[in-house]
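Participant: Take this structure, written in structure tokens, and hold onto it; I'll ask about it next.
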């Protein structure tokens, strides 16, 4: 029987150029932002342009990171898992840029103006919390840290990414709430809800499958016991 042809997209994921290509695509928003800044094309409020661009790409890459596992399970393309760590690290990279833009460009790296800005815009605390929670995830993203922590402890730690994504979406929504412009944050919230909902469905199916396997094993063991008794 002739095996089914492998889709072009999956062949691309298997190739050596897949990770460098995704790396370049993730770096592209930063490169475009840098070019705009170099040419003085950031608009009338360049600080806000940098702040919003880096914040949006932090959130987009977080959601892409969370989308890897559902897409892998829906398509059966195990190769997608190769990209998850890179996407997560780029989300942290843009989150760090977002914080630096807020602290440096908007507040001149001054603690007093930063504290006054937090008092005026408390949604900043949500964003800072998300970045703080992301930091141990970024620091433990290497193979060496996985070996040191152990696979189970590492997986438990990295489930914090669900909280990070929820807090990041809330930060975005809260920031737009004052301007009564929550349409875009609501879209991101719905995407996050879909991704988390898919994970719950997959977890429920896995639990049901384990339950059926345990029931089948118990039935088989009981049958073997009855055979011995009759013998």
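Nothing in this text is a laboratory measurement; each read-out follows from the coordinates by a stated rule. All of these numbers come straight from a predicted model, not from anything done at the bench. Every residue, glycine among them, receives a Cβ derived from its backbone with ideal geometry; neighbour counts consider all protein chains shown.
Participant: Taking the highest mean first, how do the peptides 17-24, 86-93, 34-41 order by number of other beta carbon atoms within 10 angstrom per residue?
Facilitator: 86-93, 17-24, 34-41
Participant: Still on this structure, please answer the following. Students often get this wrong, so try it: which of [x] 17.3, 59; [y] 29.8, 116; [z] 23.1, 90 is Rg and Dmax of the Cα atoms in Å as calculated from the structure shown?
Facilitator: [z]
Participant: Which residue fluctuates most in the GNM of the chain (Cα springs below 10 Å): 13, 66, 115?
Facilitator: 115
Participant: Now for a separate question. Which value at 222 nm does the chain reach when only helices count, each DSSP H run of 4 or more adding -39,500 (n - 2.57), with the total divided by all residues and rounded to the nearest 500 deg cm²/dmol?
Facilitator: Value at 222 nm, helices only, nearest 500: -27500 deg cm²/dmol.
Participant: How far is the Cα center of the range 50-81 from the Cα center of the range 87-152, in Å?
Facilitator: 18 Å
Participant: In degrees between 0 and 90, to the nearest 10, how far off the longest principal axis of the chain does helix 81-100 point, with axes built from Cα atoms?
Facilitator: Orientation of helix 81-100: about 20 degrees from the principal axis.
Participant: On C-alpha positions alone, give me the angle between the axis of helix 123-139 and the longest principal axis of the chain, in degrees, nearest 10.
Facilitator: Approximately 50 degrees, to the nearest ten.
Participant: Okay, next question. In degrees between 0 and 90, to the nearest 10, how far off the longest principal axis of the chain does helix 183-230 point, with axes built from Cα atoms?
Facilitator: 20 degrees
Participant: If you line up the Cα atoms of the range 119-164 on their principal axes, what length do they span on each, largest first, in Å?
Facilitator: Each principal axis gives a Cα extent; for the range 119-164 these are 44, 15, 9 Å.
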